[in-house]
1. Of the conditions (1) touching a strand residue (DSSP E or B) at 6+ places or on another chain (Cβ under 8 Å); (2) assigned to a loop (DSSP other than H, G, I, E, B), residue 71 fails just one. Which one is it?
2. Out of the residues in the stretch 74-90 meeting the condition of being in contact (Cβ under 8 Å) with a residue 40 or more places away in the chain and outside any loop (DSSP other than H, G, I, E, B), tell me which one is nearest to residue 203 (Cα to Cα).
3. Does the stretch 57-68 contain at least one residue that is surrounded by 10 or more Cβ atoms within 10 Å (Cβ to Cβ) and either in contact with a helix residue (DSSP H, G or I) (Cβ under 6 Å, 6 or more places away or on another chain) or modelled with pLDDT of 85 or more (or both)?
4. Taking only the stretch 165-193 into account, find how many residues are in contact (Cβ under 8 Å) with a residue 24 or more places away in the chain and out of contact with any strand residue (DSSP E or B) (no Cβ under 7 Å at 6 or more places or on another chain).
5. Filtering the stretch 194-209 down to residues that are touching a residue at least 60 places away in the same chain (Cβ under 8 Å) and assigned to a helix (DSSP H, G or I), which residue is surrounded by the fewest Cβ atoms within 10 Å (Cβ to Cβ)?
6. How many residues does the stretch 137-162 contain that are under 18 Å from residue 95 (Cα atoms) and surrounded by 16 or more Cβ atoms within 10 Å (Cβ to Cβ)?
7. Is it the case that residue 75 is under 20 Å from residue 13 (Cα atoms) and surrounded by fewer than 12 Cβ atoms within 10 Å (Cβ to Cβ)?
8. Answer yes or no as to whether residue 184 is under 25 Å from residue 97 (Cβ atoms) and assigned to a loop (DSSP other than H, G, I, E, B).
């Protein structure tokens, strides 16, 4: 299970049930700074007499309300089906060991949009969990796309967990030269033994459908 405030306006929880990946989102209010920024933009438009562009309307889509619960069930456990976002960084750091040991696996890009035409070079910790300690994704012509590095780690219950890690993603500039584009750093504040995560009844019902 991975849980966090990954979007601006939702609390997301991901479960891997062994047959499916399930995402449950609870819509939350936008952060105050975003609300203030939008309000300031609207005031500026009125004062300056500017006409804001019309909203992009997608057929069948409606904006969810605060407190609304949304559940999405993916038909497999392949992490490449996950949408782009920072939720894939903690998955890589703490949950990817079994996936990395599977045959024919294709490592997803941790933050950006996934693509098929790249190779990974991965080293893992030598224990039963096998979490990555370093990973590089490169194009076939050896251009670096992203790099994940564990800077500090600890042993807990016989497994090695990262306690400080860094991820960097690269994008080509207008001249085609790869530049440092995105960075994510993680630090473990506490670690403890806990009961196995329970999948809520509403999520189980969604899987059965």
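1. Result: residue 71 fails condition (2) only.
2. Result: 74.
3. Step one: of the stretch 57-68, the residues surrounded by 10 or more Cβ atoms within 10 Å (Cβ to Cβ) are 64, 66, 68.
Then keep just the ones that are either in contact with a helix residue (DSSP H, G or I) (Cβ under 6 Å, 6 or more places away or on another chain) or modelled with pLDDT of 85 or more (or both); that gives 66, 68.
Yes - at least one qualifying residue is present in the stretch 57-68.
4. Matching residues across the stretch 165-193 total 1.
5. In the first step, residues of the stretch 194-209 are kept if they are touching a residue at least 60 places away in the same chain (Cβ under 8 Å); the result is 197, 199-200, 202-203, 206-207, 209.
In the following step, the residues that additionally are assigned to a helix (DSSP H, G or I) were identified as 202-203, 206-207.
Details: 202: 10, 203: 20, 206: 17, 207: 14.
The selected residue is 202.
6. Going through the stretch 137-162, the residues under 18 Å from residue 95 (Cα atoms) turn out to be 147-162.
With surrounded by 16 or more Cβ atoms within 10 Å (Cβ to Cβ) added as a condition, the list becomes 147-148, 150, 153, 160-162.
Total satisfying the criteria: 7.
7. Working: under 20 Å from residue 13 (Cα atoms): yes; surrounded by fewer than 12 Cβ atoms within 10 Å (Cβ to Cβ): yes.
For residue 75, the condition - under 20 Å from residue 13 (Cα atoms) and surrounded by fewer than 12 Cβ atoms within 10 Å (Cβ to Cβ) - is met.
8. Values: under 25 Å from residue 97 (Cβ atoms): yes; assigned to a loop (DSSP other than H, G, I, E, B): no.
Spelling it out, it is not the case that residue 184 is under 25 Å from residue 97 (Cβ atoms) and assigned to a loop (DSSP other than H, G, I, E, B).
The values are calculated or read from the model by the stated rules, or taken from the named source; none is laboratory data. Bear in mind that the values here come from a model prediction, so they are computed numbers and not experimental data. Heads up, the Cβs are rebuilt from the backbone with ideal geometry, glycines too, and the neighbour counts pull from every protein chain shown.
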